[in-house]
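These notes concern the structure reproduced below.
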Amino acid sequence: MIREKFYITTPIYYVNASPHIGHSYTNIAADTLSRYMRQVLGDKNVWFLTGTDEHGQKIQKAADEAKLNPQEFVDKVVVQFKNLWKKLNISNNDFIRTTEKRHIHFLRQALTKLYINKDIYQAEYEGWYCTPCETFWTETQVSGQLCPDCKRPLEKISETNYFFKLKKHQAWLIKYIEDNPDFIRPENRRNEVLSFLKANELNDLCISRPKARLSWGIPLPFSPEHVTYVWFDALINYISAVGSFDKDGNYQSDWWPADLNLIGKDILRQHAVYWPIMLRALDIPPPRAVFAHGWWMIDENKMSKSRGNVVSPLEMVDKFGIDVYRYFLLRDVPFGMDGNFSEEAIIKRFNGDLANDLGNLVYRTLTMVEKYYQGNIPEVTVICGQQGQKIEEKIMALPQEVSQALSGPSDFNFSLALSSIWELINLANKYIEETKPWNLAKENKTVELKNFIGLLVKVIRVLAKMIAPFMPQTAQVISEQIGEAKIHKGKPLFPRIDLKPKS
Ligand code: MSP
């Protein structure tokens with residue numbers, strides 16, 4: 001059942017480096033869903049939040065390297081993210097930075113509430129710590145004094161810290177995930193979390209860092225000598241941006257619970273384990289769904305600065321156009337799976353789906369309206385032939401197919417939604433080939449010709465609406481070309497790209 005409101009979030013991105021295609025993937029997906037839900041529920045019933053994660057060791061280190069103080073540094077890098085989202089037509093309603101007052105104030109209130117309720121306690125910590133990952137490791141998890149995650153050397157530390165009680169909610173969380181099959185998606189990620197929770201006893205979460213070791217963070221309200229652990233700080237953004245605590249400490253929000261916390265698969269543990277427990281301790285309901293998408297790889301490898309294979313979204317957009325880039329990411333790989341990113345793959349989609357199928361259909365139809373009707377759009381009076389009938393049926397079925405594909409139970413399958421839309425495009429192209437309109441014209445079958453072209457125009461109007469969430473600019477151009485009564489023919493939408501390597 002569809003709720004009347006839709007609140008969607010993306011992870012907030014670390015501002016230690018420029019955004020890459022992985023970051024743009026989550027935001028394009030969230031943008032597409034938001035635009036789609038705005039069509040269904042109306043603009044004012046959708047809220048789309050993105051933002052930046054600006055505290056912690058990683059950022060401090062990057063600021064040091066740039067020889068700037070952390071605040072100056074984050075103020076500079078955040079601009080790159082904001083500009084990229086603008087360029088990619090990301091229609092977020094809000095952008096939250098964890099260095100903003102509204103967030104800091106809210107986080108400190110949340111921490112105070114947990115501290116008063118004894119969900120946070122102080123303890124001596126002695127053990128291994130990975131500074132770059134900001135992660136504590138127990139003796140049993142470590143071998144050779146190296147970080148089990150990043151393999152860099154660990155430090156032995158002994159210090160007073162603050163811990164958030166995770167362990168006591170473990171049984172509740174397992175039951176919650178079991179009882180709510182749509183909470184953690186896709187299914188394989190849900191199973192991953194459940195197996196982890198069943199096989200391991202959770203440790204309470206260390207949520208502080210002594211200022212002496214890390215100063216770039218939000219001070220704990222009950223211990224100014226400590227700053228808040230960056231993940232605890234970051235997760236809170238999803239609620240700090242859309243609500244506040246009333247005088248009795250109850251959370252009030254027009255939007256929460258989120259319908260969807262969209263994330264990448266690497267940050268599943270934080271979102272599927274820490275996050276619901278944090279919310280429960282704060283007496284706030286969990287999000288309706290957490291969905292972890294897959295990763296874009298380059299020649300089967302992870303993208304990383306050290307490998308030197310990081311792809312810039314801006315470069316891709318400059319080369320291929322915004323909507324081509326958006327289409328490729330959403331079409332080429334079912335959401336949830338990993339994909340291999342390459343320019344060849346983009347060009348293949350471009351020449352096939354966009355130039356041959358969509359672009360051609362629009363251009364041929366406009367040409368016929370121009371040639372046979374001097375640009376005046378004819379109206380359909382009856383549907384001609386079997387193929388025309390098939391097209392009408394597809395037009396009727398399509399909204400339901402797309403709605404189904406983009407739903408939670410279908411794992412927000414953008415690729416499937418697009419392939420349904422492309423079925424209509426293919427039917428229409430086939431209709432042109434089979435009908436041979438030039439013969440109708442020659443044989444003076446004026447009624448048939450008028451109905452035939454009228455139906456094609458109708459198809460294109462439907463297409464403009466259906467592709468709008470995925471390719472907003474293209475939809476706009478198509479709508480401008482097919483006016484109310486007259487066409488305004490422009491250039492072909494997607495002139496083919498020559499596959500010969502450019503010199
Ligand atoms: N700051 C944390 C998130 C805090 S959310 C409360 C963080 N930031 S990140 O900038 O490192 O990554 C943000 C997102 O980008 C993650 O969801 C991650 O999965 C995604 N991606 C990073 N590289 C990616 C690919 N190569 N492909 C697809 N998405 C990837 O983690």
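The values are calculated or read from the model by the stated rules, or taken from the named source; none is laboratory data. Note that the coordinates shown come from a computational prediction; the quantities given were computed from them, not determined experimentally. Quick reminder, even Gly has a Cβ in these numbers, built from the backbone with ideal geometry, and neighbours come from all protein chains shown.
Summary of computed values
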quantity: Any hit, region 49-59, residues being more than 16 Å from the ligand (Cβ to nearest atom), among the charged types (D, E, K, R) and more than 19 Å from residue 408 (Cβ to Cβ); calculated: no
quantity: Filtered residues of region 135-149 (kept if closer than 12 Å to residue 205 by Cα and either modelled with pLDDT of 90 or more or assigned to a loop (DSSP other than H, G, I, E, B) (or both)); calculated: none
quantity: Qualifying residue in region 389-408 (condition: without any contact (Cβ under 8 Å) to a residue 40 or more places away in the chain, buried (at least 17 other Cβ atoms within 10 Å of the Cβ) and basic (Lys, Arg)); calculated: yes
quantity: Every residue from region 176-188 that is more than 12 Å from residue 288 (Cα to Cα) and loosely packed, with under 14 Cβ neighbours inside 10 Å; calculated: 178, 179, 187, 188
quantity: 3 or more residues under 17 Å from the mean Cα position of the chain (by Cα): qualifying helices (runs of 4 or more DSSP H) within region 1-114; calculated: 21-41, 70-87
quantity: Residue that is surrounded by the most Cβ atoms within 10 Å (Cβ to Cβ), among those in region 342-355 that are in contact (Cβ under 8 Å) with a residue 60 or more places away in the chain and closer than 29 Å to residue 483 by Cβ; calculated: 354
quantity: Condition met for residue 364 (at pLDDT 95 or above, among the charged types (D, E, K, R), crowded, with 19+ Cβ neighbours inside 10 Å and within 30 Å of residue 483 (Cα to Cα)); calculated: no
quantity: Lone qualifier among 166, 173, 197 - being at pLDDT 95 or above, farther than 21 Å from residue 291 by Cβ and away from the ligand (no atom under 16 Å from the Cβ); calculated: 166
quantity: Residue list for region 257-291, filter: over 30 Å from residue 339 (Cα atoms) and within 15 Å of the ligand (Cβ to nearest atom); calculated: 277, 278, 279
quantity: Residue count, region 15-25 (criterion: within 17 Å of residue 96 (Cα to Cα) and surrounded by fewer than 20 Cβ atoms within 10 Å (Cβ to Cβ)); calculated: 0
quantity: Residue in region 433-448 that is of a type in the set (Val, Ile, Thr) and over 26 Å from residue 492 (Cβ atoms) present; calculated: yes
quantity: Residue under evaluation residue 43, criteria (1) touching a helix residue (DSSP H, G or I) at 6+ places or on another chain (Cβ under 8 Å); (2) more than 15 Å from the ligand (Cβ to nearest atom), criterion not met; calculated: (1)
quantity: Output for region 356-390, where each listed residue is in contact with a helix residue (DSSP H, G or I) (Cβ under 7 Å, 6 or more places away or on another chain) and basic (Lys, Arg); calculated: 364, 390
quantity: Scope region 373-388; condition part of a helix (DSSP H, G or I) and surrounded by fewer than 18 Cβ atoms within 10 Å (Cβ to Cβ); matching residues; calculated: 373, 385, 386
quantity: Search result, residues across region 292-341 that are more than 12 Å from the ligand (Cβ to nearest atom), hydrophobic (A, V, I, L, M, F, W, C) and crowded, with 20+ Cβ neighbours inside 10 Å; calculated: 316, 320, 324, 328, 330
quantity: Failed criterion for residue 447 (all others in (1) under 26 Å from residue 330 (Cβ atoms); (2) assigned to a helix (DSSP H, G or I); (3) aliphatic (A, V, I, L, M) hold); calculated: (1)
quantity: Any hit, region 485-494, residues being in contact with a Leu (Cβ under 8 Å, 6 or more places away or on another chain), modelled with pLDDT of 95 or more and surrounded by fewer than 21 Cβ atoms within 10 Å (Cβ to Cβ); calculated: no
quantity: Subset of region 10-34 that is of a type in the set (Gly, Ala, Ser) and farther than 24 Å from residue 289 by Cα - its residue that is farthest from the ligand (Cβ to nearest atom); calculated: 18
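Yes/no matrix, rows are residues, columns are (1) more than 17 Å from residue 290 (Cβ to Cβ); (2) surrounded by fewer than 19 Cβ atoms within 10 Å (Cβ to Cβ):
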| site | (1), (2) |
| --- | --- |
| 201 | yes, yes |
| 209 | yes, no |
| 223 | yes, yes |
| 226 | yes, no |
| 233 | yes, no |
| 239 | no, no |
| 261 | no, no |
| 265 | no, yes |
